[in-house]
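Asks: Dropping a structure here in structure tokens format, bear with me for questions.
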Amino acid sequence: MPPSIPDTMKAAALDHFGGPEVLGIKTVSVPTCGDDELLIRVAVAGVGAWDFMEREGQMAEFVPGGPRFPYIPGTDGAGEVVAVGKAVQGFKEGDRVYGTAFNSNKGGFYAQFTVVKARQAARIPKGLKIEQAAALAADGITALQGVEEHLQLKAGQRLLIFGASGGVGHLALQFAKRLGAQVLAIASGEDGVELARRLGADAVVEGRQGDVDKACREFAPDGFDGALVLASGDTCEVALKHVRQGGRIAHPNGVVPPPKGSGSVKVIAYDGIAHPQALQRINELIEAGPFHLEIGHLYAMEEAAKAQQEVRKHHLGKFAMRIH
């Protein structure tokens, strides 16, 4: 191994699944880089709203070969490539990249080093800081595939985003505007309304206190062409009644209760799937003009347990955690 890659590293890891108390700083082995993989020196990790589920063992069945302990969570993050698998093309040592290691059996991004499949990584787009890029992969893919692939959004169409101030929502809002759509954002809290407005939503309404029915009626008198549902709430069903017949409702798996459509409205549940074309498309859209990725809070690695608890409360954008 080159001298720059140590044998061991620090990680926020767990010896068994459980509550926040099981997550602590441990010294573990640096993972080995396979032929189709990149070894990344992690600078910053993303903190997902679903990370607590991973810590509790709810996702254990999805880890190839089963989970190994100490278990290192962390779906996405960003850093510098320090080793490149021999079958990998298009990356070299020293590249600054972001990527996803969702349910990897080699560990996630809550560590000083992690391994990702090269097809699930991309260079950091111009204009984004490394902290922002760390929070981009999982939420960016979910946002992009929601609006472009599943809703098949076209220029001039009217889109409703429910949960527009969260990690996925605030990215979906900007991608939809890049695609030429007219967007009504339903956001959480006055701070969420202000963020959605700043990011270019054509109209914004607060999801709990605002008159959602009136806002939908006025914005889309002929109905919405599509709706992206990223949160659940009492007013969600009210808003979705305004999706026109033949329109589409998309939501990532995990939104509970899942939204319902009526008549010929198609409801699509999906997972964000990382692949090179999706990451390239994200980079293209981000680099097409000013783009903002909202980091709600930046934690230290020692605060991993706290971050996983606070991500379940009201916040804007996505949380991240500094590793190096």
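The values are calculated or read from the model by the stated rules, or taken from the named source; none is laboratory data. It should be emphasised that the depicted structure is a prediction, and the values quoted were computed from it without experimental measurement. When we count neighbours, we look across all protein chains shown, and the Cβ atoms used for this are built from the backbone with ideal geometry, even at glycine. Side chains are part of the model used for accessible areas, which takes the heavy atoms of the whole protein and leaves out ligands, DNA and RNA. Shrake-Rupley method; radii C 1.70, N 1.55, O 1.52, S 1.80 Å.
Asks: Residues of region 135-153 being in a loop (DSSP other than H, G, I, E, B) and in contact with a Leu (Cβ under 7 Å, 6 or more places away or on another chain), which ones?
Replies: Ala135, Leu136, Leu151, Leu153
Asks: Every residue in region 111-144 that is among the polar types (S, T, N, Q) and open to solvent by 10 Å² or more (accessible area, probe 1.4 Å), please.
Replies: Of everything in region 111-144, those that are among the polar types (S, T, N, Q) and open to solvent by 10 Å² or more (accessible area, probe 1.4 Å) turn out to be Gln112, Gln120, Gln132, Thr142.
Asks: Okay, next question. Across region 76-95, what is the total count of residues that are touching a strand residue (DSSP E or B) at 6+ places or on another chain (Cβ under 6 Å) and of a type outside the set (A, V, I, L, M, F, W, C)?
Replies: 7
Asks: Across region 290-312, what is the total count of residues that are modelled with pLDDT of 95 or more, charged (D, E, K, R) and open to solvent by 40 Å² or more (accessible area, probe 1.4 Å)?
Replies: Residues meeting the conditions: 4.
Asks: Tell me which residues, restricted to region 222-234, are under 15 Å from Glu206 (Cα atoms) and open to solvent by 30 Å² or more (accessible area, probe 1.4 Å).
Replies: Correct list: Leu230, Ala231, Ser232, Gly233, Asp234.
Asks: For region 77-86, which residues satisfy the criterion of being open to solvent by 70 Å² or more (accessible area, probe 1.4 Å) and outside any strand (DSSP E or B)?
Replies: Lys86, the sole residue that qualifies.
Asks: Determine whether Gln152 is closer than 19 Å to Arg281 by Cβ and either among the aliphatic types (A, V, I, L, M) or surrounded by fewer than 19 Cβ atoms within 10 Å (Cβ to Cβ) (or both).
Replies: When the stated conditions are applied, Gln152 passes them.
A quick yes/no check of all residues on (1) open to solvent by 20 Å² or more (accessible area, probe 1.4 Å); (2) closer than 25 Å to Glu131 by Cβ:
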| site | (1), (2) |
| --- | --- |
| Val30 | no, yes |
| Arg41 | yes, yes |
| Trp50 | yes, yes |
| Met53 | yes, yes |
| Glu56 | yes, no |
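Asks: What number of residues within region 103-134 are in a strand (DSSP E or B), among the aliphatic types (A, V, I, L, M) and closer than 26 Å to Glu56 by Cα?
Replies: 3
Asks: Going by the conditions given, is Val168 on the phi < 0 side of the Ramachandran plot, β-branched (Val, Ile, Thr) and buried (at least 24 other Cβ atoms within 10 Å of the Cβ)?
Replies: The answer is yes for Val168.
Asks: Restricting attention to region 100-110, does a residue exist that is surrounded by 24 or more Cβ atoms within 10 Å (Cβ to Cβ), over 19 Å from Tyr299 (Cβ atoms), of a type in the set (Lys, Arg) and touching a residue at least 40 places away in the same chain (Cβ under 8 Å)?
Replies: Checked region 100-110: no residue is surrounded by 24 or more Cβ atoms within 10 Å (Cβ to Cβ), over 19 Å from Tyr299 (Cβ atoms), of a type in the set (Lys, Arg) and touching a residue at least 40 places away in the same chain (Cβ under 8 Å).
Asks: Scan region 283-308 and report the pairs whose first residue is under 25 Å from Leu144 (Cα atoms) and whose second residue is among the β-branched types (Val, Ile, Thr) and crowded, with 19+ Cβ neighbours inside 10 Å, with Cβ atoms within less than 7 Å and a gap of 6+ or a chain change.
Replies: Note: pairs meeting the criteria are Gln308/Val47.
Asks: Next question. Return only the number of the condition from (1) touching a Leu at 6+ places or on another chain (Cβ under 6 Å); (2) of a type outside the set (S, T, N, Q); (3) farther than 25 Å from Leu316 by Cα that Gly156 does not satisfy.
Replies: (1)
Asks: Same structure again: Take the residues in region 218-236 that are over 13 Å from Leu159 (Cα atoms) and more than 18 Å from the chain's Cα centre (by Cα); name whichever of them is modelled with the highest pLDDT.
Replies: Residue satisfying both the conditions and the ranking: Glu218.
Asks: Here is a follow-up. Mind telling me which of the residues Val267, Val256 ends up being hydrophobic (A, V, I, L, M, F, W, C), at pLDDT below 95 and either farther than 30 Å from Ala11 by Cα or within 16 Å of the chain's Cα centre (by Cα) (or both)?
Replies: Val256
Asks: Just to be sure, is Glu287 open to solvent by 60 Å² or more (accessible area, probe 1.4 Å), in contact with a Pro (Cβ under 7 Å, 6 or more places away or on another chain), on the phi < 0 side of the Ramachandran plot and among the charged types (D, E, K, R)? Can you show your working first?
Replies: Working: open to solvent by 60 Å² or more (accessible area, probe 1.4 Å): yes; in contact with a Pro (Cβ under 7 Å, 6 or more places away or on another chain): yes; on the phi < 0 side of the Ramachandran plot: yes; among the charged types (D, E, K, R): yes.
So Glu287 fits the description; yes.
Asks: Taking Ile40 as meeting all but one of (1) in a loop (DSSP other than H, G, I, E, B); (2) at negative phi, write down the number of the exception.
Replies: For Ile40, the failing item is (1).
Asks: Tally time: how many residues in region 272-312 are in a loop (DSSP other than H, G, I, E, B) and within 25 Å of Ala111 (Cβ to Cβ)? Show your work before the answer.
Replies: Narrowing region 272-312 to residues in a loop (DSSP other than H, G, I, E, B): 272-275, 288-294, 311-312.
Next, from what is left, pick out any that are within 25 Å of Ala111 (Cβ to Cβ): 272-275, 293-294, 311-312.
Residues that pass the stated criteria total 8.
Asks: Something else: Looking at Gly90, Gly74, can you tell me which residue is open to solvent by 10 Å² or more (accessible area, probe 1.4 Å), in a loop (DSSP other than H, G, I, E, B), among the small types (Gly, Ala, Ser) and in contact (Cβ under 8 Å) with a residue 12 or more places away in the chain?
Replies: On inspection, the qualifying residue turns out to be Gly90.
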